[in-house]
Amino acid sequence: MSIELTEVIPMSGLRSKKLINEENSVLTMKRSLIERKELHFRCRRVNDIMCIIALFGLILMIIDTECRLDQVYENNIIMIRPLISISTTFLVGLVIYYHSLDIRLYAINNHIADWRVTLKIRGIMMVICEIIICIIHPLPYVSKYLSSDDGLAWINMIMTLPMFGRLYLIARSVTLHSPLVSAASSRTIGYLNRVPMTISFILRAFLQTYPVACWSSMMIIILLITSWSMHVCEKGIWIPIHSSLSQSNSSTSSFLNATWLTIVTFTTVGYGDLVPQTYCGRGIAFLTSFFGVFASAVLIAVFISKISLNRSEQMVLDFVNRINCAREYRMNIMQIIVHSVRAWFLRRHKPNYRSTFMTLCRLHTAIQAAKVIKKQQRNAINGNESLIAILTNVFYEQKANEKNLIKLKQHSDSIHNRINRLETKLDTLLEILTRNNSNSQHSWL
């Protein structure tokens with residue numbers, strides 16, 4: 001027979017081993033939190049640099065486009081597009097670096113050892129789309145001037161106007177600088193409630209907190225972008241509707257006329273005094289009208305939410321209105337009594353038709369006003385009755401639930417008493433059986 005020897009560990013050794021494991025877990029957690037904070041700071045700094053580079057490229061693009069439309073061709077202007085290309089190269093590299101940091105941050109937040117596990121097709125496609133948005137820019141040395149005479153005008157349009165898509169980096173910068181993301185308390189509350197601190201959540205929180213400022217700034221930015229795009233399309237005669245169109249007879253080529261056309265289209269008024277002369281301008285007008293309809297609907301909703309009263313304010317207002325209605329009703333009743341007595345007195349003692357007629361007119365006016373006020377009070381009572389009916393139904397349901405709970409408790413108490421009685425009977429039966437068994441053994445002996 002084989003004998004197995006087992007190692008006996010004393011209790012003190014188990015406690016020390018447990019303490020060591022707890023210290024290691026605490027150190028690991030502390031290290032991960034420090035690394036997470038550093039990665040978040042680096043992501044925020046990299047995104048700020050990306051915003052600066054993107055805005056720098058947009059400013060250079062606007063300067064280059066205006067100079068080429070005005071046919072200004074100097075040595076300083078020639079170097080603008082290469083600078084745009086260099087800034088775009090740095091921007092694309094920073095986009096890839098930012099997403100590598102974001103993947104590492106996601107792995108730390110979700111306790112994933114290998115960051116390659118976090119790679120998904122949707123995330124890869126988002127990175128590719130972001131790279132495509134940032135890589136679009138006017139190619140250097142393609143065309144000297146931007147006009148309809150150049151056969152590459154449509155390439156200039158495709159490479160120039162979509163550069164405004166880089167402004168999404170501002171939304172990401174606002175998200176990363178938000179206290180909801182930087183504060184540890186808000187992140188902890190979000191993790192406990194399974195609410196991720198994403199860009200959509202942060203932007204919705206900003207719109208909920210500052211609706212007027214956010215929507216006003218967004219509308220101003222959209223109007224400026226669409227106005228300049230309309231001005232560029234019409235001044236450069238990009239993809240004209242009529243082949244005989246020249247730059248001189250384009251009424252929307254100036255920036256002021258383009259701004260007026262954009263505002264009229266944005267507000268969905270459409271006076272018809274200015275009309276886009278190019279397909280590019282018509283496309284910009286279509287997008288402007290779409291944004292205008294959406295912004296108008298949102299502004300109406302924001303305005304209604306701002307002027308609406310909360311429950312306490314509405315109750316105070318209703319109470320004051322009821323007091324005023326009751327006061328006016330009493331005054332009208334007093335006027336009815338006064339004019340009735342006056343009309344009776346005039347008809348009885350002074351048969352003057354004019355004074356009697358005026359008194360009767362005042363009497364009927366007071367009666368009509370009293371009827372209107374009584375109708376308003378009745379409508380207010382009906383509204384209050386609906387609320388009272390709801391509260392009454394809730395009260396009766398609560399009473400019924402309490403009665404059901406009392407019945408259930410009584411039933412459970414009766415079952416408990418029956419079980420206790422059954423236990424006592426079983427104990428008595430067991431004692432009787434034990435006693436009988438002992439008596440039988442003694443009789444056998």
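From the backbone phi of segment 118-134, what are the Karplus-calculated ³J(HN,Hα) couplings (6.51 cos²θ - 1.76 cosθ + 1.60, θ = phi - 60°) in whole Hz, Gly and Pro given as x?
6, 6, 10, 5, 5, x, 5, 5, 5, 5, 5, 4, 5, 5, 5, 5, 7
Taking the Cα-to-Cβ direction at residue 200 and at residue 396 and moving 7 Å from each Cα, how far apart do the two end points lie in nm?
Distance between the two pseudo-spin positions: 4.4 nm.
Summing +1 for each Lys or Arg and -1 for each Asp or Glu, what net charge is found among the other residues whose Cβ lies under 14 Å from the Cβ of residue 124?
Spelling it out: positives minus negatives among the neighbours equals +1.
Expressed as a whole number of Å, what is the distance separating the alpha-carbon centroids of segment 395-417 and segment 61-117?
70
Sticking with the crude label model, points 7 Å out along Cα→Cβ, report the distance from residue 97 to residue 275 in nm, one decimal please.
5.3
Taking amide H atoms as placed 1.01 Å from N in the peptide plane, list the residues 5 or more away in sequence, or in a different chain, whose amide H sits under 5 Å from that of residue 278.
Long-range HN contacts for residue 278: 241.
If the chain between residue 116 and residue 404 were fully stretched, how many nm would it gain, using 0.36 nm times the residue separation less the Cα-Cα distance?
Taking residue 116 through residue 404 to full extension adds about 98.0 nm, to one decimal.
Counting other beta carbons within 10 Å of each Cβ, put 175, 265 in order, fewest first.
Going from sparsest to densest Cβ surroundings: 175, 265.
With θ set to phi - 60°, apply the Karplus curve 6.51 cos²θ - 1.76 cosθ + 1.60 along segment 85-96 and write out the HN-Hα couplings as whole Hz, x wherever there is a Gly or Pro.
Going residue by residue, I get 5, 5, 5, 5, 4, 4, 5, 5, x, 5, 5, 5 Hz, with x marking Gly and Pro.
List 294, 201 from most exposed to least, where exposure is judged by having the fewest other Cβ atoms within 10 Å.
294, 201
Would you mind calculating the gained length between residue 436 and residue 158 on full extension (0.36 nm times residue separation, minus the Cα-Cα distance), in nm to one decimal?
Result for the pair: 89.5 nm of gain on full extension.
Can you tally the net charge around residue 42? Count Lys and Arg as +1, Asp and Glu as -1, for every other residue whose Cβ sits under 15 Å from the Cβ of residue 42.
+2
Each value in this text was obtained by applying a stated rule to the coordinates, not by laboratory testing. All figures in this text were calculated on a predicted structure; none of them were measured in a lab. Note that we place each Cβ from the backbone using ideal geometry, even for glycine, and neighbour counts take in every protein chain shown.
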